[in-house]
1. Using θ = phi - 60° and the Karplus curve 6.51 cos²θ - 1.76 cosθ + 1.60, what whole-Hz ³J(HN,Hα) does each residue of the stretch 17-22 get, with Gly and Pro shown as x?
2. In nm, what is the difference between 0.36 nm times the number of residues separating Asp10 and Ile24 and their Cα-Cα distance?
3. So what are the ³J(HN,Hα) numbers for the stretch 26-36, from phi and the Karplus equation (6.51, -1.76, 1.60; θ = phi - 60°), rounded to whole Hz, Gly and Pro as x?
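Each reported figure results from applying straightforward, stated rules to the coordinates on display, with no laboratory input. Keep in mind the model is a prediction, meaning the values are calculated, not measured.
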Amino acid sequence: MEYPKCLYRDGSAFEWEGHKLDGIVVNDKEEEAEAVKAGWRTNPLAEAVKAVRGRKK
């Protein structure tokens, strides 16, 4: 993926698909690696997807 890239984590800046999120923009692989270590993710709904997939039918 090319840069700049937006990363997300749970927060309060905006709402997407019913989830409150914060977002930042990273400009290269190094910035992205540091942001991921700090808890940011490329998929804004990654945690919601994990929760749904983890549910027992």
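1. Karplus-based 3J(HN,Hα) across the stretch 17-22 equals 6, x, 10, 7, 9, 10 Hz.
2. 3.9 nm
3. Once θ is set to phi - 60°, the couplings for the stretch 26-36 become 10, 10, 7, 4, 5, 4, 5, 4, 5, 5, 4 Hz.
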